[in-house]
Amino acid sequence: MELVAFDLDGTLLNRHQRLSEFTLDTLERLKAAGIFYTVATGRTHFAAMPCIEGHDFPNWQIFKNGVEWWNPQKNLYRHRNLLSHSHIMDLLASFEEHQITPFIFCLEDDGSHRVYHSPLNGHLSDHIANELGNHKNMSLHPIT
């Protein structure tokens with residue numbers, strides 16, 4: 001065995017959404033055996049970080065179902081743009097038509113995270129903006 005990639009929910013995390021002592025011990029055994037391991041999840045980097053506190057995952061980590069890769073040793077993201085400009089404009093028009101506030105996550109060249117949004121539309125949008133605004137490595141900006 002050379003590599004193990006763990007999902008978080010229902011696999012690596014316990015019912016409290018944290019790493020158990022048993023899991024931490026198992027990860028240390030993998031490390032001692034020279035087996036590379038990492039996390040691969042649909043969660044965002046920021047949503048996953050509190051769950052995996054308590055253990056240093058030294059290898060590339062995969063978030064957002066493969067869209068975002070994080071190298072913790074180099075503090076570096078590998079990120080690819082997947083949507084064309086016209087596709088983005090079509091999506092934004094659809095959000096506006098259905099009166100839904102889009103939140104667009106972008107990774108800047110310096111590694112900072114920016115979230116762009118149109119005017120907030122309703123209590124849920126206010127809640128999401130408040131949650132996103134509480135992250136120390138993320139900033140909110142108008143979509144203009």
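The values are calculated or read from the model by the stated rules, or taken from the named source; none is laboratory data. The shown structure was predicted, so the numbers you read here are calculated from the model rather than taken from an experiment. Cβ atoms come from the backbone with ideal geometry, glycine included; neighbour counts cover every protein chain shown. Heavy atoms of the whole protein, side chains included, go into the accessibility calculation; ligands, DNA and RNA do not. Shrake-Rupley method; radii C 1.70, N 1.55, O 1.52, S 1.80 Å.
May I ask for the angle, rounded to the nearest 10°, between helix 85-97 and the longest principal axis of the chain, with both axes built from Cα atoms and the value confined to 0 to 90°? On a 0 to 90 degree scale, this one is about 70. For the chain, the residue among Phe57, Leu91, Leu30 whose Cα projects farthest onto the positive side of the dipole built from Cβ charges is Leu30.
What whole-number value in Å² describes the accessible area per residue of the chain for a 1.4 Å probe? Normalised by residue count, the accessible surface of the chain is 68 Å².
Bridging of Lys64 to aspartates and glutamates at a Cα separation below 15 Å is possible for Asp7, Asp9, once same-chain residues fewer than 8 apart are set aside.
The range 99-144 and the range 1-75 have Cα centres spaced 26 Å apart. Dipole size of the chain about its Cα centre, with +1 on Lys/Arg Cβ and -1 on Asp/Glu Cβ: approximately 260 debye, rounded to the nearest 20. Ordered from largest to smallest accessible area (heavy atoms of protein chains, 1.4 Å probe), the residues Lys136, Lys64, Lys31, Lys74 come out as Lys136, Lys74, Lys31, Lys64.
Angle of helix 123-133 to the longest C-alpha principal axis of the chain, folded into 0 to 90 degrees and rounded to 10: 50°. For the chain, the longest principal axis of the alpha carbon atoms and the long axis of helix 21-32 meet at an angle near 70°. For the range 33-144, which whole-number percentage of the solvent-accessible area (1.4 Å probe, protein heavy atoms only) is attributable to carbon and sulfur atoms? Carbon and sulfur together cover 54 percent of it. Taking the chain as a Gaussian network of alpha-carbon nodes connected by springs under 10 Å, the highest mean-square fluctuation of the residues Leu83, Leu27, Leu12 belongs to Leu83.
Which whole number of Å³ per residue matches the convex hull of the alpha-carbon atoms in the range 49-144? Spell out each step's value before the answer.
Values: hull volume 12.0 nm³, N = 96.
Convex hull of Cα atoms, per residue: 125 Å³.
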